[in-house]
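These notes concern the structure reproduced below.
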Amino acid sequence: MDFLKNADPEVFNILENELQRQTDHLEMIASENFTSPAVMEAMGSIFTNKYAEGYPGKRYYGGCEYADAVEELAIERAKKLFGCEYVNVQPHSGSQANQGVYLALLKPYDKILGMDLSHGGHLTHGAKVNASGKIYQSFFYGVNDEGWIDYDRVLDIAKIVRPKLIVCGASAYPRVIDFKKFREIADEVGALLMADIAHIAGLVAAGEHPSPFPYCDVVTTTTHKTLRGPRGGMIMTNDADIAKKINSAIFPGIQGGPLVHVIAAKAVGFGENLKPAWKEYAKQVRKNASTLATVLMNRGYNVVSGGTDNHLVLVSFLDKDFSGKDADEALGRAGITVNKNTVPGETRSPFVTSGIRIGSPALTARGMKEGEFELIANRIADVLDNIEDVNLQEKIKKEMVALARKFIIYDRPTF
Ligand code: PLP
């Protein structure tokens, strides 16, 4: 680490501050996590220097024998992890993975049906501000008033829309996604089915959420959320023809040279996901989220859908006189990082919202269990009960920093 310290103290200081921030705050953003130092070492490795356009064995550059080796290893591990036959590990992000699938399987103006952004879907599932909503004709399904996907309603919408592709998967849905039901709907209207498991991939890999295989034609994910790998994306399928189209769509369709250093880190991350300890982690992620939901409900808060099956809890403040933004800011002042989120029946703008999304993956990675989550959930409720009380927020912040420092994840600088 002395290289950076000596060469660029300005950047070094910023990284030190970020390390301190990550250490002292309780990170409860559902899409964030802590990678291992091994993942970070691979990401900061010598492969940063290498161009490797193409795929293993078919590159457009010389000197790719080790790039081939590491990409093949990442692919093999991902295949084993998710039980599928074809994997593309080159997407730079989850958004690029989704864009790659659309380019591979759709033509401009084809119809797609995805989950509404304000009901928990992702921008890339057809939102009008995203390329997916500009290039394709996008339509949406959502959740019912209680916050659950109503599959009969999805079928009704699908029958009217007749989409070429249905997207299932979400960014803020606390319940199990029934891939079999989505398959039945897709079959009934003759659509392709894509699952975006970005949020739940770590649980799927551990058997803590049902697998999208064999029901989905194609599956995308990020590698940095519940999977705890490097920031990046991945596409999986069991269909040789789709796999071929996807490879061409990613390169040369939407990307140039793959980030081989990130692919090396993906391989390391998948190696960690394949170890028996991973199942324990994923189980604990769910137990901790469930503890969070139970305490918040006992304290009188409206937890959307009445609980959680996965790693996140969605709390609605539609019955309160403060917004998601107010709650997000108040909790931030108390040392607890969450994010404001729209909720079913939303009345406020996406910049204000009437809810928050709270996740358990990052604190679980630090070793916290039900006892710590019970305490944190009570402190969250204390802050929300007294949302204007800045003195209380400061007092809780001290307690939360002390708690965070008992669960040190990086005991030396890893950046
Ligand atoms: N898909 C889902 C369901 C997501 O929640 C996200 C990110 O939040 C993405 C895709 C996009 O991933 P990225 O931020 O890597 O582009």
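The values are calculated or read from the model by the stated rules, or taken from the named source; none is laboratory data. On a predicted model such as this, the values are computed, not experimentally measured, just so you know. Using ideal geometry, Cβ is built from the backbone for each residue, glycine included, and neighbour counts are taken over all protein chains shown.
If you check Thr308, Thr347, Thr414 for being at pLDDT 95 or above and among the β-branched types (Val, Ile, Thr), only one passes: Thr308. Within the stretch 186-201, residues that are of a type outside the set (A, V, I, L, M, F, W, C) sit with their Cβ atoms under 7 Å from residues that are away from the ligand (no atom under 16 Å from the Cβ) and not in a loop (DSSP other than H, G, I, E, B), at 6+ positions apart or across chains, in these pairs: Glu188/Leu155.
Scanning the stretch 134-150 for residues that are farther than 15 Å from Gly120 by Cβ and either in contact with a His (Cβ under 9 Å, 6 or more places away or on another chain) or aromatic (Phe, Trp, Tyr) (or both) yields Tyr136, Ser138, Phe139. Of all residues in the stretch 391-411, those that are surrounded by 12 or more Cβ atoms within 10 Å (Cβ to Cβ) and at pLDDT 95 or above total 12. Of all residues in the stretch 188-240, those satisfying the criterion of being within 11 Å of the ligand (Cβ to nearest atom) and among the small types (Gly, Ala, Ser) are Ala195, Ala198, Ala201, Gly232, Gly233.
Condition check: in contact with a strand residue (DSSP E or B) (Cβ under 6 Å, 6 or more places away or on another chain) and free of Cβ contacts under 8 Å to residues at least 60 places away in the same chain. Does Asn302 satisfy that? When the stated conditions are applied, Asn302 passes them. The set of residues in the stretch 265-299 that are part of a loop (DSSP other than H, G, I, E, B) and in contact (Cβ under 8 Å) with a residue 12 or more places away in the chain comprises Leu274, Arg299. Checking the condition farther than 18 Å from Met368 by Cβ and more than 18 Å from the chain's Cα centre (by Cα), which residue from Leu274, Leu227, Leu292 passes? Sole residue among the options that is farther than 18 Å from Met368 by Cβ and more than 18 Å from the chain's Cα centre (by Cα): Leu274. Residues of the stretch 12-30 include at least one that is part of a helix (DSSP H, G or I), within 26 Å of Ile408 (Cα to Cα) and touching a Gly at 6+ places or on another chain (Cβ under 8 Å). Checking each residue in the stretch 109-134 for being under 15 Å from Ala249 (Cβ atoms) and out of contact with any Phe, Trp or Tyr (no Cβ under 7 Å at 6 or more places or on another chain) picks out Thr124, Ala131. Residues of the stretch 307-322 that are crowded, with 22+ Cβ neighbours inside 10 Å, part of a loop (DSSP other than H, G, I, E, B) and of a type outside the set (Val, Ile, Thr): Asn310, His311, Phe317. For the stretch 186-201, the candidate set comprises residues that are assigned to a loop (DSSP other than H, G, I, E, B) and in contact with a strand residue (DSSP E or B) (Cβ under 6 Å, 6 or more places away or on another chain); within that set, the residue that is surrounded by the fewest Cβ atoms within 10 Å (Cβ to Cβ) is Ala191. When residues in the stretch 226-256 are screened for being of a type in the set (S, T, N, Q) and part of a loop (DSSP other than H, G, I, E, B), 3 of them pass. Of everything in the stretch 332-357 that's surrounded by fewer than 17 Cβ atoms within 10 Å (Cβ to Cβ) and polar (S, T, N, Q), which residue is farthest from the chain's Cα centre (by Cα)? Applying the filter and picking the extreme gives Thr347.
Just one residue in the set Pro252, Pro276 is at pLDDT 95 or above, away from the ligand (no atom under 16 Å from the Cβ), out of contact with any helix residue (DSSP H, G or I) (no Cβ under 9 Å at 6 or more places or on another chain) and closer than 30 Å to Lys50 by Cα; that residue is Pro252. Restricted to the stretch 51-160, the set of helices (runs of 4 or more DSSP H) holding at least 3 residues that are within 13 Å of the ligand (Cβ to nearest atom) comprises 94-105. Between Glu53, Glu65, Glu85, the distinction of being surrounded by fewer than 22 Cβ atoms within 10 Å (Cβ to Cβ), free of Cβ contacts under 8 Å to residues at least 60 places away in the same chain and in the same structural domain as Ala243 (by the TED database) belongs to Glu65 only.
The residues of the stretch 161-178 that are within 16 Å of the ligand (Cβ to nearest atom) and within 25 Å of Ile358 (Cβ to Cβ), listed by number, are Val167, Cys168, Gly169, Ala170, Ser171, Ala172, Tyr173, Pro174, Arg175, Val176, Ile177. Pairs are defined by a Cβ separation below 8 Å, a sequence spacing of at least 6 or placement on different chains, a first member in the stretch 131-154 that is free of Cβ contacts under 8 Å to residues at least 60 places away in the same chain, and a second member that is part of a loop (DSSP other than H, G, I, E, B) and among the acidic types (Asp, Glu); the pairs so defined are Tyr136/Asp110; Gln137/Asp110; Phe140/Asp116; Tyr141/Asp116; Ile149/Asp178; Tyr151/Asp178.
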